[in-house]
Structures are given as structure tokens and as C-alpha cells.
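> Quick one: the structure is below, and I'll ask about it shortly.
The values are calculated or read from the model by the stated rules, or taken from the named source; none is laboratory data. Just so it is clear, the model here is predicted, and its values are computed rather than measured. Virtual Cβ from ideal backbone geometry, glycine too; neighbours counted across all protein chains shown.
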Amino acid sequence: MGKTNNKEYILDNALKLLLDSYNISTNEDYENALREIIQYLSLLGLWRSKFFEYAAFYGGTALRMFYGLRRYSEDIDFSLIKPNSEFNITPFLNSIQNELTGFGFNMQVLPRKKTTNIESAFIKGNTIQNLLIIETPDLILTKLPKNKVLKVRFELDTEPPEHASYQVKTLLIPFPFQVKLFSLSDLFAGKMHAVLCRKWKHRIKGRDFYDMLWYIGKGVECNLKHLQDRMEQTNDWQNNKILNIRDVQELLYERFIKINFDIAKDDITPFINDMAEISLWSRDFFIERIAEIKFLGADSENT
């Protein structure tokens with residue numbers, strides 16, 4: 001077997017390993033699987049370029065890939081370990097592009113104009129063209145619009161909040177590589193910040209509530225200091241006042257009484273397989289969960 005054919009065999013086998021980890025039958029299943037494969041390969045490309053010497057992975061996709069969260073996610077979110085407003089993401093985006101191209105995907109990695117402290121890009125391509133790469137059945141392909149575009153958003157916070165800790169974890173497919181990500185308590189703090197401070201308008205992200213319940217159910221402690229730093233960064237908390245548990249509980253209550261949880265359910269539905277998981281969702285249900293949240297860094301003076 002020649003070198004070219006050997007490389008093709010290795011790539012095909014790696015894609016098969018990824019696909020074998022999914023239980024897919026519907027067009028939504030195939031699209032979600034394709035998006036997640038693109039995310040895995042993007043992480044692989046970032047690892048090759050030593051991106052994780054400078055940045056750490058966080059958000060719902062990190063939770064799914066490393067801790068078994070039972071929902072799909074659209075984005076890959078990162079934060080620098082040390083602030084650097086001049087950080088250049090171009091070589092790392094190029095590495096993602098090279099990885100995807102090397103595996104045969106027809107995706108473009110397109111940087112967006114920087115806003116505030118966030119560097120971002122879209123990884124995008126024609127859905128049908130890329131589903132063909134993973135040998136999607138014709139019956140599925142015929143149900144999709146020919147011009148439908150699959151997108152994965154890449155975001156990097158160049159001015160990270162303080163009081164965070166990190167860990168390195170290993171992914172074994174398509175072959176072993178390592179990713180630096182926030183600790184679970186800091187991941188919870190990031191999600192709590194989204195629940196409390198995300199500017200939803202009329203597009204309430206049920207995914208935030210779904211993830212919050214996961215953390216509560218697992219007994220993960222929310223890093224209170226890291227949460228305060230995130231809230232200060234977005235001007236949602238006063239810099240000269242210490243955030244305590246009672247503050248968070250009151251803010252959650254105020255948030256929950258205003259939320260339309262039917263809209264929140266509609267948002268999460270495309271990303272989960274079992275609708276029974278959200279059947280209990282209501283204002284009262286979430287208010288009852290507030291007392292169950294545990295906090296890291298809390299003491300008798302911080303309650």
C-alpha cells in the first residue's frame with residue numbers, strides 16, 4: 001500500500017471510529033453528528049498547533065465531549081489563560097482549516113471582525129456536500145435543502161476573568177490528543193454567568209438551563225469567585241462588593257420568574273434525543289432547584 005493510500009486508509013478509519021460512537025437515523029441525527037465531528041477535528045487541529053499552551057476550552061461542547069452531557073452543541077468556546085488583547089488567532093484558524101481539509105471536508109474557516117474582547121470565526125460549509133464525506137444515506141440527503149449551510153462558531157476570550165483553574169484531558173478518537181479545559185467548578189461558574197447575565201431578548205437559550213441542571217445533579221460546586229469575576233467583566237456586578245451565595249440565589253429567583261420556559265424548551269429540543277428530560281421544566285421547578293446549588297469558595301461570611 002502506497003503512502004497516499006495508507007494516509008487515506010488512516011483518515012477513513014478515523015472517521016469510522018468517530019461515526020461508530022453515534023446512534024444516528026434521522027436527518028437531525030446526521031447533522032448533529034457531522035457538526036460534532038467538525039468540532040472534534042477542530043480541536044485536533046488546535047492541538048497540533050499548540051493552541052492549548054495559550055488557551056483553555058469551556059462551554060457546553062467541552063462538557064459534552066469530556067463529561068458526557070447528553071445534548072449536542074453548536075459552538076466551540078475558548079479563553080486565553082493570560083490576558084492578551086493582541087493575540088493572533090490566524091495561525092490556529094489555519095490549522096483548523098488544514099485538519100478539516102486533510103480529512104476530506106469542504107469547510108471554510110472565516111474569521112470575523114473582533115468585538116470587545118472576543119476573537120471569533122465561523123467554520124462553515126454546505127451541509128449535503130459534507131454529509132457525503134461521512135457516507136450519509138441518500139434518503140437523508142434528499143430531505144435537506146441543497147443550499148443548507150452547517151456552521152460551527154469559534155470564539156476566544158482574549159481578556160479572561162481571574163480565579164480559574166485548568167486541567168488537561170485526553171481524547172482517544174480519531175486518535176489520542178490532549179485538550180486543556182477549565183475545571184468543572186469554573187465551567188459551572190461560566191454557565192451560571194450565562195444563566196444570570198446572557199442578554200436573551202426573545203431567544204431564550206434553554207441550553208443554559210439544561211446544562212445548569214446537569215451541574216446541580218452531579219453535585220458540582222460553582223466557583224463563586226470566578227463567577228464574580230465574570231459578572232464584573234460584563235458589568236453585571238459592582239467591583240467593590242463581594243458576591244455571596246444569597247446574592248446569587250436572589251438573582252436566580254429574579255431571573256426565573258421572568259423566563260418563559262416554553263420558549264426555553266423549544267430552544268433545547270433540537271439538541272436532545274429524549275424529550276422526557278425537559279418534561280418537568282417550569283418556573284416553579286427551577287425556583288425549587290436554587291437551594292440545591294453548591295458553591296466553591298463559600299464560607300460563613302459569604303452566605
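> Mind listing whichever residues of the range 127-154 are surrounded by fewer than 16 Cβ atoms within 10 Å (Cβ to Cβ) and either among the basic types (K, R) or touching a strand residue (DSSP E or B) at 6+ places or on another chain (Cβ under 8 Å) (or both)?
Matches in the range 127-154: K143, K146, N147, K148, V149, K151, R153.
> What number of residues within the range 205-218 are among the charged types (D, E, K, R) and either crowded, with 18+ Cβ neighbours inside 10 Å or not assigned by TED's automatic domain parsing to the domain that holds M192 (or both)? Outline the logic, then answer.
Keep residues of the range 205-218 that are among the charged types (D, E, K, R), which gives 205, 207-208, 211, 218.
Next, from what is left, pick out any that are either crowded, with 18+ Cβ neighbours inside 10 Å or not assigned by TED's automatic domain parsing to the domain that holds M192 (or both): 207-208, 211.
Residues that pass the stated criteria total 3.
> Looking at I204, is it hydrophobic (A, V, I, L, M, F, W, C), under 17 Å from the mean Cα position of the chain (by Cα) and at pLDDT below 95?
yes
> Filter the range 116-168 for residues that are more than 20 Å from L93 (Cα to Cα) and of a type in the set (D, E, K, R) and give the result.
E135, D138, K143, K146, K148, E162
> Against the condition assigned by TED's automatic domain parsing to the domain that holds S120 and not small (G, A, S), how does V168 come out, does it pass?
yes
Rundown of residues vs (1) in contact with a Ser or Thr (Cβ under 9 Å, 6 or more places away or on another chain); (2) surrounded by fewer than 18 Cβ atoms within 10 Å (Cβ to Cβ); (3) within 29 Å of E277 (Cα to Cα), yes/no style:
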position	(1), (2), (3)
P160	yes, no, no
Q167	yes, yes, no
I173	yes, yes, yes
A189	no, no, yes
R203	no, yes, yes
V220	yes, no, yes
N235	no, yes, no
K241	no, yes, no
